[in-house]
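J.: Sharing a structure, written as structure tokens. Questions coming.
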Amino acid sequence: FPVTIAHRAICNHMLWMQQTFNFQENDKVLQKTPFSFDASVWEFYAPLLTGGQLILAEKNGHKDISYLLKLIVEQQITIVQFVPSLLEILLEHGGIQNCKSLKHIFCGGEALSVGLKRSVLDKLNVKLHNLYGPTEACIDATYWNCNSENEQQTLPEIVPIGRPIANTQTYILDTHLQPVPIGVPGELYIGGIVTGK
């Protein structure tokens with residue numbers, strides 16, 4: 001089913017990204033996510049809102065590891081996003097350490113393992129961010145800074161999804177829609193501008 005989201009939700013998301021990550025006019029964002037995925041939207045808007053450069057990958061370029069690594073190096077890409085499984089393949093392929101221009105790597109769409117996080121930060125001097133959000137919540141609802149946040153977490157093998165983005169609320173509720181204590185399992189509920197409601 002299609003998901004309808006108000007324009008103010010994407011406006012909120014882009015303002016949050018700009019204020020939180022301080023993209024600059026000299027940044028180069030690699031647009032490689034297929035248009036059918038909500039995460040492609042911020043790849044387009046982030047550089048356009050800051051006067052940076054938008055570098056478009058060739059059609060199906062997101063499937064070619066060698067091509068992606070070469071493009072990042074040749075175009076001096078500073079901002080990129082990957083699903084963790086693709087990032088892991090890039091690391092296994094070899095050569096990611098040559099992508100020295102990268103300043104920010106954003107992960108989302110899948111759980112990010114602590115092992116993968118450590119591998120990335122061992123190979124690159126980069127800020128690594130874990131993003132989480134269902135499509136119904138306008139791309140991202142929460143984020144976690146993998147570089148400086150506290151390592152303590154419930155599942156030691158998985159990086160946390162973090163805290164809500166600007167103008168967003170998240171709650172862990174039980175079957176009676178009551179908040180659960182810290183450490184008790186429940187369902188994640190998301191509200192605020194991010195939902196467009």
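J.: Along the charge dipole of the chain, pointing to its positive end and built from +1/-1 on Cβ of Lys, Arg, Asp and Glu, which listed residue (Ile77, Met14, Ile96) has its Cα farthest out?
T.: So the residue we want is Ile77.
J.: What order do you get for 95-101, 179-185 when each peptide is scored by the mean count of other beta carbon atoms within 10 Å, highest first? Before the final figure, lay out the partial values.
T.: Values: 95-101: 16.3, 179-185: 9.1.
The densest-packed peptide leads the list: 95-101, 179-185.
J.: Follow-up. Ignoring solvent entirely, what values of log10 I(q)/I(0) come out of the Debye formula for the range 1-95 at 0.10, 0.18, 0.23 Å⁻¹ when each Cα is a single scatterer?
T.: With one equal scatterer per Cα and no solvent, log10 I(q)/I(0) is -0.29, -0.88, -1.24.
J.: On a straight-distance basis, which lysines could pair with Lys59 in a cross-link, Cα separation under 17 angstrom, same-chain partners fewer than 8 positions away excluded?
T.: List returned: Lys32, Lys70.
J.: Which residues among the range 25-65 fall inside the zone where the amide N is under 19 Å from a point 7 Å beyond the Cα of Glu92, along Cα→Cβ?
T.: Inside the label zone: 62-65.
J.: Next question. Kirkwood Rh over alpha-carbon pairs of the chain, then Stokes-Einstein at 10 °C and 1.306 mPa s: what D in µm² s⁻¹, rounded to an integer? Working shown, then result.
T.: On the way: Rh = 17.6 Å.
D = 90 µm²/s.
J.: So how tilted is helix 84-93 from the main axis of the chain? Cα-based, degrees 0 to 90, rounded to 10.
T.: Helix 84-93 sits roughly 30 degrees off the main axis of the chain.
J.: If you build the Cα gyration tensor of the range 38-134 and take the root of 5 times each eigenvalue, what three semi-axes come out, in whole angstrom, biggest first?
T.: Values: eigenvalues 73, 55, 36 Å².
Whole-Å semi-axes of the equivalent ellipsoid: 19, 17, 13.
J.: List the lysines whose Cα lies under 16 Å from the Cα of Lys103, skipping any in the same chain that are fewer than 8 positions away.
T.: Lys28, Lys117, Lys123, Lys127
J.: For the range 1-53, what size does the Cα cloud have along each of its three principal axes, sorted from largest down, in whole Å?
T.: 38, 23, 14
J.: While we're on this one: Add -39500 (n - 2.57) for each DSSP H run of 4 or more in the chain, then divide by its residues: what number comes out at 222 nm, to the nearest 500 deg cm²/dmol? Mind showing how you got there, number by number?
T.: Values: 5 runs with 57 residues, N = 197.
Calculated at 222 nm, the ellipticity per residue is -9000 deg cm²/dmol.
J.: Helix 65-75 versus the longest principal axis of the chain: what angle, 0 to 90°, nearest 10, using Cα atoms?
T.: So the helix axis and the longest Cα principal axis differ by about 70 degrees.
J.: Measuring with a 1.4 Å probe in the full set of protein chains, what accessible area per residue, in whole Å², belongs to the chain?
T.: Working: 11080 Å² over 197 residues.
With all protein chains present, the chain gives 56 Å² per residue.
J.: While we're looking at this one, here's another question. Just to be sure I understand: of the beta bridges DSSP finds with both ends in the range 38-197, what percent are antiparallel, rounded to 5? Please list the in-between numbers first.
T.: On the way: 14 of 22 bridges.
Around 65 percent antiparallel, to the nearest 5.
J.: Could you tell me what percent of the accessible area of the chain is made up of carbon and sulfur, with a 1.4 Å probe and every protein chain present? If you can, show how the numbers build up before the last one.
T.: On the way: 5960 of 11080 Å².
The computed percentage sits at 54.
The values are calculated or read from the model by the stated rules, or taken from the named source; none is laboratory data. It should be emphasised that the depicted structure is a prediction, and the values quoted were computed from it without experimental measurement. FYI the Cβ positions are ideal-geometry reconstructions off the backbone, even for glycines, and counts take in every protein chain you see. These area figures cover heavy atoms from the full protein model, side chains too; ligands, DNA and RNA do not enter into them. Shrake-Rupley method; radii C 1.70, N 1.55, O 1.52, S 1.80 Å.
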